[in-house]
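J.: Dropping a structure here in structure tokens format, bear with me for questions.
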Amino acid sequence: MNPTIAYTIISLSATGIAAAIILYIIAQRFRVFEDPRIDEVEDALPSANCGGCGYAGCRNFAEACVKADSLSGLFCPPGGNETMGEVASILGMEATEQDPQVAVVRCSGSYACRPRTNNYDGAASCAVASSLYAGDTGCQFGCLSHGDCVRVCDFDAIHMNPETGLPEVTDENCTACNACVVACPKDIIELRKRNKRDRKIFVSCINEDKGGIAKKSCSVACIGCGKCEKVCPHDAITIENFLAYIDPVKCKLCRKCAPECPTDAILEIGFPPRKPKPEEVVKVEAGEKPGMESGTEKPVEKPAEKTETAESKADKDKPKNQEESN
């Protein structure tokens with residue numbers, strides 16, 4: 001073998017071995033230890049990577065759970081209490097149970113309720129449109145109907161209704177990941193407590209204008225009249241900035257507030273239809289004249305009273321007169 005070739009092979013091999021030894025030493029010196037429980041926690045998570053927990057993905061959330069002293073403040077919305085219980089058992093901690101939540105669209109201003117004042121000709125994005133102007137209707141707080149919330153949902157839980165121009169949430173698919181809440185520039189989507197049978201009562205409006213202005217821009221806007229607040233027996237309703245808000249924690253779903261709303265801004269979802277009330281008897285003080293039937297103009301006919309005539313009285317007295325004569 002040519003000596004030059006032999007020297008080349010030997011030198012290259014020695015250089016490779018030396019580089020490998022150096023890299024091994026550096027790797028051991030700067031090795032980052034990773035807790036094996038992170039992989040276990042990540043496997044227990046639903047792998048949705050939705051960001052609903054507040055972290056970039058399930059891996060980041062698993063690292064936060066392992067490094068945390070307790071699981072308070074850490075929760076996986078898609079997995080729910082069952083998943084957090086499994087994570088707690090892996091880490092030897094206790095998980096605090098939370099009420100399941102569901103996304104709610106707090107705007108009922110459909111095309112029929114909000115007259116258009118202009119036509120938007122631009123990118124079909126709520127974020128872009130909101131950065132340019134208040135909207136194409138008189139309500140500056142309402143939905144822009146471009147569907148940013150639909151595009152960010154990974155669970156097929158929200159869709160746009162072409163007739164109303166409003167997003168609609170499918171409760172069965174919603175995981176409360178918070179993606180649609182963050183995507184909405186108008187903040188009309190809110191996470192609320194999920195009740196039994198998906199029943200919910202909420203004020204479907206976020207308009208903070210005064211009553212007259214709000215009513216002019218949208219026929220189903222909350223005008224802040226306060227009637228709902230007065231009839232609520234649980235102090236669940238507050239009025240602030242001419243806008244009513246129903247606390248989902250305090251609300252007991254008694255449904256007393258909805259019939260009082262003059263604009264139908266309070267929605268009742270998931271309830272059976274209300275039973276019709278029996279017809280109330282109209283009192284005399286309400287404006288009807290005595291002797292009148294309720295809802296009629298004709299006087300109530302009274303039964304004829306029996307009157308004694310002179311002849312009938314004489315017939316009754318005949319037997320008495322005959323007895324006296326005898």
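Any read-out appearing in this document is the output of simple, stated calculations on the displayed coordinates, not a laboratory observation. Not measured: the values here are computed from a predicted model. Ideal geometry is used to build each Cβ from the backbone, glycine not excepted, and the neighbour counts take in all protein chains shown.
J.: Label-point separation (nm) for Asn161 and Ala127, each offset 7 Å from Cα along Cα-to-Cβ?
T.: 2.7
J.: Rank by packing, highest mean first: peptides 43-55, 4-16, with packing defined as the count of other Cβ atoms within 10 Å averaged across residues.
T.: Details: 43-55: 18.2, 4-16: 9.9.
In decreasing order of mean packing, 43-55, 4-16 become 43-55, 4-16.
J.: Label Ile239 and Asp69 with points 7 Å out from Cα along Cα→Cβ: what is the distance between them in nm?
T.: The answer from the label model is 4.6 nm.
J.: Just name one of Gly165, Phe242, Ile189: the one whose Cα is farthest towards the positive end of the charge dipole of the range 101-269 (beta-carbon charges, Lys/Arg +1, Asp/Glu -1).
T.: Value: Phe242.
J.: List Phe271, Phe61, Phe30 from most exposed to least, where exposure is judged by having the fewest other Cβ atoms within 10 Å. List each step's numbers first, then the result.
T.: Values: Phe271 13, Phe61 24, Phe30 7.
Placing the least packed residue first, the sequence is Phe30, Phe271, Phe61.
J.: Distance in nm between label sites at Lys275 and Ile21, each 7 Å beyond Cα in the beta-carbon direction?
T.: 9.3
J.: Further question: Amide H to amide H under 5 Å from Ile189: which residues, 5+ apart in sequence or cross-chain, H placed 1.01 Å off N in plane?
T.: Arg106
J.: Set the Förster distance to 51 Å, then compute FRET efficiency between Thr8 and Val182 from the Cβ-Cβ distance, nearest 0.05.
T.: Details: r = 61 Å, r/R0 = 1.20.
E between Thr8 and Val182, to the nearest 0.05, is 0.25.
J.: Now a separate question. Stretch Arg29-Lys210 to full length: gain in nm at 0.36 nm per residue minus the Cα-Cα span?
T.: Roughly 58.4 nm would be gained on extension.
J.: I need the phi-derived Karplus couplings for the range 202-216: 6.51 cos²θ - 1.76 cosθ + 1.60, θ = phi - 60°, integer Hz, Gly and Pro marked x.
T.: 7, 7, 8, 6, 10, 6, 9, 6, 5, x, x, 5, 5, 5, 5
J.: Report, in listed order, any pair from Lys67/Lys186; Lys196/Lys216; Lys210/Lys250; Lys67/Lys200; Lys210/Lys275 with a Cα-Cα distance greater than 31 Å. All intermediate terms of the calculation are to be shown ahead of the outcome.
T.: Details: Lys67/Lys186 36 Å; Lys196/Lys216 36 Å; Lys210/Lys250 26 Å; Lys67/Lys200 37 Å; Lys210/Lys275 34 Å.
Those over the limit are Lys67/Lys186; Lys196/Lys216; Lys67/Lys200; Lys210/Lys275.
J.: May I ask you to order 120-128, 133-141, 229-237 by the average number of other C-beta atoms within 10 Å around their residues, highest value first? Numbers along the way, then the final one.
T.: Numbers: 120-128: 13.2, 133-141: 19.4, 229-237: 15.4.
Result, highest mean first: 133-141, 229-237, 120-128.
J.: Assuming R0 = 30 Å, can you tell me the calculated FRET efficiency for the pair Asp43 and Gln140, based on Cβ-Cβ distance, to the nearest 0.05?
T.: Details: r = 47 Å, r/R0 = 1.57.
E(calc), rounded to 0.05, equals 0.05.
J.: When the Karplus curve 6.51 cos²θ - 1.76 cosθ + 1.60 is applied with θ = phi - 60°, which whole-Hz ³J(HN,Hα) does each residue of the range 129-136 get, with x for Gly and Pro?
T.: Whole-Hz 3J(HN,Hα) from phi for the range 129-136: 5, 5, 7, 9, 7, 6, x, 9.
J.: Shifting gears a bit: Count the net charge of all other residues whose Cβ sits under 10 Å from the Cβ of Val105, scoring Lys and Arg as +1 and Asp and Glu as -1.
T.: Working: positive: Arg106; negative: Glu168, Glu190.
Charge balance in the 10 Å sphere: -1.
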